[in-house]
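The values are calculated or read from the model by the stated rules, or taken from the named source; none is laboratory data. Predicted model, so just to flag it, every value in this text is computed and none were measured. Neighbour counts run over all protein chains shown; Cβ positions are idealised from the backbone, glycine included.
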Amino acid sequence: MGAMSFKQLFAILTCGCVALFSCKVSAQTALPTPAVVSADEAPKRFFNFFVPFRTNQVALSPDGKYLAYAVREKAVLSVLVVAVDNPAIPTAKVAVISDEQATPMAGIKDKENRPAQIRWMGWTSPTRLVLETNRVFPTTLDGASPTGIEDDVLNSTGSLFINVVGEILAFDFDGQNARSLLTPRNIREGIPFSSGKQRQLARSPHIVDFAGDDPDCVIVQADGIVRPNNLRRVERFKLNVKTGAELIQHAIQWMKSEPAL
């Protein structure tokens, strides 16, 4: 065998070093066996991404003495009131809505509940708290068909119904005098139907703001159904937060409904 050249010797030594280094690295940095997730457990990995917030609303009374905040306990949303100088002991805890009450009426196969929400909350006085929830009030129309209303309000059985959202509630700092002040069934709108008759349909109420000139009232907006000309009737009222029975007309106008994107 002839003498080995410098290039051949260098190549042999390089290959040997690389092989030895690879063996050591493989022995020291062996990758762990990946965890196996069953088909039943896989969806639960993302469950926490879709859990509703435990609290997302808070309101301080005008005199700074009481703090109200929302608290979710499983499927029920409540409002707790605490005294600022003694927050450890709540002065009131009132359950205001559940996920089941916030879920629109739909087909039998639609079983997933919609999260309950408090859409507005504020103190109209140092001791009176008012709030608005997304409670759903389904209205069944017994097969009647309103003029210009689309077929997407038909349920899986072919009966006509409309899901109208919104309830306004109020109670005192100590949980007393709690009452439902306004629901869609209290503020209806006359709609012409294909039969030639006019029927009263429920409308969705929304709290717009405080009534600055009247501490016992809030301004409420009632949105009507979109008509064939793409307009809806919008009314604003003063709502008495103590009695709930007094609706004082504030303004009426027609607004154009923008098409959904």
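I need a count of the residues in the range 85-99 that are of a type outside the set (Asp, Glu) and touching a residue at least 24 places away in the same chain (Cβ under 8 Å).
Residues of the range 85-99 of a type outside the set (Asp, Glu): 86-98.
Going one step further and asking which of them are touching a residue at least 24 places away in the same chain (Cβ under 8 Å), we end up with 91-94, 96-97.
Count: 6.
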Those residues of the range 72-89 which are surrounded by fewer than 16 Cβ atoms within 10 Å (Cβ to Cβ) and over 23 Å from residue 164 (Cα atoms) amount to 73, 74, 83, 84, 85, 86, 87, 88, 89
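Out of curiosity, is residue 213 at pLDDT 85 or above, under 27 Å from residue 123 (Cα atoms) and surrounded by fewer than 16 Cβ atoms within 10 Å (Cβ to Cβ)?
On the way: at pLDDT 85 or above: no; under 27 Å from residue 123 (Cα atoms): yes; surrounded by fewer than 16 Cβ atoms within 10 Å (Cβ to Cβ): yes.
In short, no.
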Whether any residue in the range 51-59 is at pLDDT below 95, in a loop (DSSP other than H, G, I, E, B), of a type in the set (Ser, Thr, Tyr) and surrounded by fewer than 18 Cβ atoms within 10 Å (Cβ to Cβ) is what I want to check.
yes
Residue match in the range 153-164 (condition: modelled with pLDDT of 85 or more and not in a loop (DSSP other than H, G, I, E, B)):
yes
Output the residues belonging to the range 126-148 that are more than 20 Å from the chain's Cα centre (by Cα) and at pLDDT below 95.
139, 140, 141, 142, 143, 144, 145, 146, 147, 148
Considering every residue within the range 104-118, establish whether at least one is outside any loop (DSSP other than H, G, I, E, B) and at pLDDT 95 or above.
yes
